[in-house]
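Asker: Just passing along the structure, written as structure tokens.
The values are calculated or read from the model by the stated rules, or taken from the named source; none is laboratory data. Predicted, not measured: the structure shown is a model, and the values here were computed from it. We place every Cβ from the backbone using ideal geometry, glycine too, and count neighbours over all the protein chains shown.
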Amino acid sequence: MTPAPNGEQKGYALVIGVGAVNKTKYDGWDGKDETCVNDAQQMATFARERGFLLLAPSGDPSKDNEPLLTEKATRLNVISMMEQAKTLEPGDFLLVHFSGHGGRDPKGPPSAVIGEYWSLYDGPLHDDEWDHMLAKIPEGVRVVVLSDSCWSGGFGPPDDEDPPGLVNIRFTRESEHLCIEARAGKTRAVPKNKRAAIRRVTPRLASPDDIPATVILLAACHANQQAYSGRTHGVFTNALLDVLTEHPSGLSYNTLYHEVGRKITCPLQSPFCWKHGAGAFEFAKEKAFSIAQPQHISSPSLPAVGVPG
């Protein structure tokens, strides 16, 4: 990647939208959901407008400043583009957005640790593989991961901290009304009857403790919840873009997280935030998606975003 002049901070983005998967890699399941492509296209536009260059398989973002969509969203492309991120320097910024289906992978009996994965076009990318890629990014680099997929809250904390099973919610008339949009759409989950066929059997590669960079994960839902697609976009990505549009002068990550949570009212899906690394809590006070640093924004007193019991 081309170095920035005069030691300026650089901003790069990896934007992934998987509107379908290769059926031969997922036991006959095609994973069709064009709203994931819509999410990625709109997030790519957002990133470019804020000065980010999109990482490219060619290694030259100036020539191929586009998101990875469906057939291009392969394991090889994602891995090679994350290899490029190793050259980032302290103060630089990496923005990652994934929109697609997610899966859970039990590692042993039902009571054992459960891992999560993103469904890329030609096979799953597991959370420990992702940790392994992030572990190569130097200390002092700022990383923000936006994950709009089922179980996405598990793409951060150690697997042994993930809650087991689906959250148990007793619906009232009010909560039924709040979930009209979610239930009219569909979940972004790999079907349960397909998960055994693509189950991970190889050893784990890394854990979050191996990551030296400063990371904020803003996930569509908790690790024991599913994320939903609306008519044109993912419920999470749609809420995120709405909040950013409503606050053109910017919000801190802390405030952004709470405002998105207030828009997603269905108790089936609660956004999740995870902070990791040196200075992560200070980073969360900065103006969201600002490549230059630091730009602290004071956060108003906000009610807590609902957390499943």
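Asker: Among the residues of the stretch 80-90, is there at least one that is buried (at least 24 other Cβ atoms within 10 Å of the Cβ) and either at pLDDT 95 or above or more than 19 Å from the chain's Cα centre (by Cα) (or both)?
Answerer: no
Asker: Do any residues in the stretch 131-145 that are in contact (Cβ under 8 Å) with a residue 40 or more places away in the chain and outside any helix (DSSP H, G or I) have Cβ atoms under 9 Å from those of residues that are among the basic types (Lys, Arg) and surrounded by fewer than 21 Cβ atoms within 10 Å (Cβ to Cβ), where the two are at least six apart or on different chains, and which pairs are they?
Answerer: Lys136/Lys86; Ile137/Lys86; Pro138/Lys86
Asker: Working carefully through the options Phe272, Phe236, Phe281, find the one that is modelled with pLDDT of 90 or more, under 29 Å from Lys86 (Cβ atoms) and over 15 Å from the mean Cα position of the chain (by Cα).
Answerer: Going through Phe272, Phe236, Phe281 in turn, just one is modelled with pLDDT of 90 or more, under 29 Å from Lys86 (Cβ atoms) and over 15 Å from the mean Cα position of the chain (by Cα): Phe281.
Asker: Return the pair list, or none, for Cβ contacts closer than 7 Å from residues in the stretch 262-278 that are farther than 16 Å from Ser229 by Cβ and touching a residue at least 40 places away in the same chain (Cβ under 8 Å) to residues that are of a type in the set (S, T, N, Q) and part of a loop (DSSP other than H, G, I, E, B), at least 6 apart or on different chains.
Answerer: Correct list of pairs: Ser270/Gln225.
Asker: Just to be sure I understand, how many residues within the stretch 1-22 are more than 23 Å from Ala73 (Cβ to Cβ) and either at pLDDT 95 or above or surrounded by fewer than 16 Cβ atoms within 10 Å (Cβ to Cβ) (or both)?
Answerer: So the answer is 7.
Asker: What is the number of the single condition among (1) more than 21 Å from Arg142 (Cα to Cα); (2) buried (at least 24 other Cβ atoms within 10 Å of the Cβ) that Pro248 does not meet?
Answerer: With (1) more than 21 Å from Arg142 (Cα to Cα); (2) buried (at least 24 other Cβ atoms within 10 Å of the Cβ) applied to Pro248, the lone miss is (2).
Listed here are the residues, each with its yes/no results for (1) farther than 25 Å from Asp30 by Cβ; (2) modelled with pLDDT under 65; (3) surrounded by fewer than 15 Cβ atoms within 10 Å (Cβ to Cβ).
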{"position": "Pro157", "(1), (2), (3)": "yes, no, no"}
{"position": "Thr172", "(1), (2), (3)": "yes, yes, yes"}
{"position": "His177", "(1), (2), (3)": "yes, yes, yes"}
{"position": "Lys192", "(1), (2), (3)": "no, no, yes"}
{"position": "Ala197", "(1), (2), (3)": "no, no, yes"}
{"position": "Pro203", "(1), (2), (3)": "yes, yes, yes"}
{"position": "Ser207", "(1), (2), (3)": "yes, no, no"}
{"position": "Ala227", "(1), (2), (3)": "no, no, no"}
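Asker: Just a yes or no: is a residue in the stretch 79-94 among the charged types (D, E, K, R), over 23 Å from Ala213 (Cβ atoms) and either assigned to a helix (DSSP H, G or I) or in contact with a Gly (Cβ under 6 Å, 6 or more places away or on another chain) (or both)?
Answerer: no
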